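S.K.: Attaching a single structure in structure tokens format; questions to follow.
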Amino acid sequence: MAARYSPSRPKAFISRLTYRQTLAQTKTPAPHYHGHRDRLRARFAEGGVDALADYELLELYLFRSIPRRDVKPIAKALIAKFGNFAEVIAAPTERLTEVKGISEKIALDLKILRAAATKLGQESVLGRPVLSSWTALLDYCRSAMQFEGKEQFRVLFLDRKNRLIADEVLGQGTVDRAPVYPREIIKRTLALDSTAIILAHNHPSGDPTPSQSDIVMTKEIQKACKAIDVTVHDHLIIGRDNVASFKTLGLM
């Protein structure tokens, strides 16, 4: 049977078409920062990290944590508060959330970035002879410790070929002291079958100059290690901008 002609169908069709056209014309334009994000990504793709300011690099990361807001003001506020990109991702969660626009979830995302950066540095030295990769070792220690707000004492355990087999935090303390006990170092050294170690701790003040207590502690650890035929290659103190080496300073 032939379909009946309904004069209402064309009108309905025209009505729907008009509605869609009107909707398209009144549609909210894309936020201005969408084009900015594409441009920033393009600059990074072309010139790498050196093509961006610290706040712009931070923006790139915040794009994924905050997908529907302009993150430039937030990134600039973070840099203004903490100083640079590295200090932002190293800042404690409770201080990050003091910045307007940074929730605990976004702060956690920034801490994940810090953990990933530290892990990359660790992978560059783990299992390698550290005495011939000294620069990489110093870079790793700095990335892991230079912006810590409290003292942290690490021991890097080496095997017979001076390859790094473990890196452990054996002491955490206050802004100017991290308790560490020689017996704990000896216990871990024996458990890991390590034959040499490197000591490292940070000075949150930023000044890596060894204190008298640092010198006394190092001598006690050296004495304990000598008794079990374990070599202490160096003790590194990590400051904000520099690293002090006991060996270079003639303190061991």
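S.K.: Of the residues 161, 219, which is within 23 Å of residue 132 (Cβ to Cβ), basic (Lys, Arg), surrounded by fewer than 20 Cβ atoms within 10 Å (Cβ to Cβ) and not assigned by TED's automatic domain parsing to the domain that holds residue 95?
M.R.: Numbers: 219 fails: within 23 Å of residue 132 (Cβ to Cβ).
Of the residues listed, the single one that is within 23 Å of residue 132 (Cβ to Cβ), basic (Lys, Arg), surrounded by fewer than 20 Cβ atoms within 10 Å (Cβ to Cβ) and not assigned by TED's automatic domain parsing to the domain that holds residue 95 is 161.
S.K.: Look through 136, 115 and report the one residue that is part of a helix (DSSP H, G or I), over 14 Å from the mean Cα position of the chain (by Cα) and without any contact (Cβ under 8 Å) to a residue 60 or more places away in the chain.
M.R.: Values: 115 fails: over 14 Å from the mean Cα position of the chain (by Cα).
None of the other options fit; the residue is 136.
S.K.: Can you name the residue in the stretch 45-62 that is touching a Leu at 6+ places or on another chain (Cβ under 8 Å) and at pLDDT 90 or above and is also nearest to residue 76 (Cα to Cα) among such residues? Walk me through it before giving the result.
M.R.: At the first step, the residues of the stretch 45-62 found to be touching a Leu at 6+ places or on another chain (Cβ under 8 Å) are 49, 52, 55-56, 58-61.
Applying the additional criterion that residues be at pLDDT 90 or above yields 52, 55-56, 58-61.
Details: 52: 13, 55: 5, 56: 8, 58: 9, 59: 9, 60: 12, 61: 13 Å.
Only one residue fits best here, namely 55.
S.K.: I would also like to ask the following. For the stretch 188-214, enumerate the residues that are in a helix (DSSP H, G or I), under 30 Å from the mean Cα position of the chain (by Cα) and modelled with pLDDT of 95 or more. Lay out the reasoning, then the answer.
M.R.: Within the stretch 188-214, the first condition is being in a helix (DSSP H, G or I), and the residues that meet it are 188-191, 212-214.
Now narrow it down to the ones that are under 30 Å from the mean Cα position of the chain (by Cα): 188-189, 191, 213-214.
Once the filter is applied, which keeps residues that are in a helix (DSSP H, G or I), under 30 Å from the mean Cα position of the chain (by Cα) and modelled with pLDDT of 95 or more, the stretch 188-214 yields 188, 189, 191.
S.K.: Just give me the residues in the stretch 139-165 being among the hydrophobic types (A, V, I, L, M, F, W, C) and outside any helix (DSSP H, G or I), in sequence order.
M.R.: The initial filter retains those residues of the stretch 139-165 that are among the hydrophobic types (A, V, I, L, M, F, W, C), namely 141, 144-145, 147, 153, 155-158, 164-165.
Scanning the stretch 139-165 gives 147, 153, 155, 156, 157, 158, 164, 165.
For every residue, the table says whether it meets (1) of a type in the set (A, V, I, L, M); (2) more than 30 Å from residue 65 (Cα to Cα); (3) modelled with pLDDT of 90 or more.
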site	(1), (2), (3)
110	yes, no, yes
121	no, no, no
126	yes, yes, no
132	no, yes, no
159	no, yes, yes
162	no, yes, yes
165	yes, yes, yes
170	yes, yes, yes
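The values are calculated or read from the model by the stated rules, or taken from the named source; none is laboratory data. Everything quoted here is computed from the prediction, not taken from an experiment. In this analysis, Cβ positions are derived from the backbone assuming ideal geometry, glycine residues included, and neighbour counts consider all displayed protein chains.
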